[in-house]
Amino acid sequence: MASPITSFQNGRYQVLRKLGEGGKGVVFLCQDTVLRRQVAIKLIKEEVLDEEGLLRFQREVQAMASLVHPNVVTVFDIGQEEGRHFLVLEFMEGGDVEQIVAASLNKRLDAAATVRISKEVVRALEHAHRHNILHRDVKPGNIWLTQGGQAKLGDFGLAYLGGGPRLTRAGMMVGSIAYMAPEVALGR
Ligand code: 3AM
């Protein structure tokens, strides 16, 4: 088994701990030793991305990088470590909303928090749509909070970027079934 990664980019980003693991990647909390701040690094699991995987990765980064907005998670950089691609992201200390709901007493957010977070996500979507970008996977697990409680939309891995080539066939569903709009689930 390969030894665990302890740093990225010739030691610039030192791994402090693993934050978690998603479908496509492992996320680490790292210290940026140059800018002296904490960042989250998402390391793509596949050693070698196929053509479509690479295109999706590039799109995720391009979508996030083009959306400079207080309610969109900032992407700082990209790179490769031992042949695997990674993204350097703003560290969201408050965790994602799915985690927050799961940790709450009765497994739900109160109305005030729900309205506040929703408004912030809508602002992010408004901004994305103005830039011809559709997120296509809006759900609690893709919304993060800062330490101060500000909500930001992240994970643009399934986003549709207007103007670029389509990666999904017409009529193909993308997103998460539990959070999909009915008309999308019906293929319309
Ligand atoms: O595995 P869990 O659900 O605990 O919240 C994300 C998820 O945590 C976390 O990494 C795990 C796999 O996606 N994560 C992703 N991006 C993050 C970020 N920018 C993040 N945590 C903090 N800041």
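Is it the case that Phe57 is under 27 Å from Ala151 (Cα atoms), more than 12 Å from the chain's Cα centre (by Cα) and of a type in the set (Phe, Trp, Tyr)? No. On the basis of being closer than 20 Å to Trp144 by Cα, within 15 Å of the ligand (Cβ to nearest atom) and not hydrophobic (A, V, I, L, M, F, W, C), does Lys45 make the cut? When the stated conditions are applied, Lys45 does not pass them.
With the requirement that a residue be within 13 Å of the ligand (Cβ to nearest atom) and at pLDDT 95 or above, what does region 116-140 give you? Lys139, Pro140, listed by residue number.
Within region 141-163, restricting attention to residues that are assigned to a strand (DSSP E or B) and at pLDDT below 95, the residue that is nearest to Gly22 (Cα to Cα) is Tyr160.
The values are calculated or read from the model by the stated rules, or taken from the named source; none is laboratory data. Just so we're clear, the structure is a prediction, and the values are computed from it rather than from any experiment. Note that we place each Cβ from the backbone using ideal geometry, even for glycine, and neighbour counts take in every protein chain shown.
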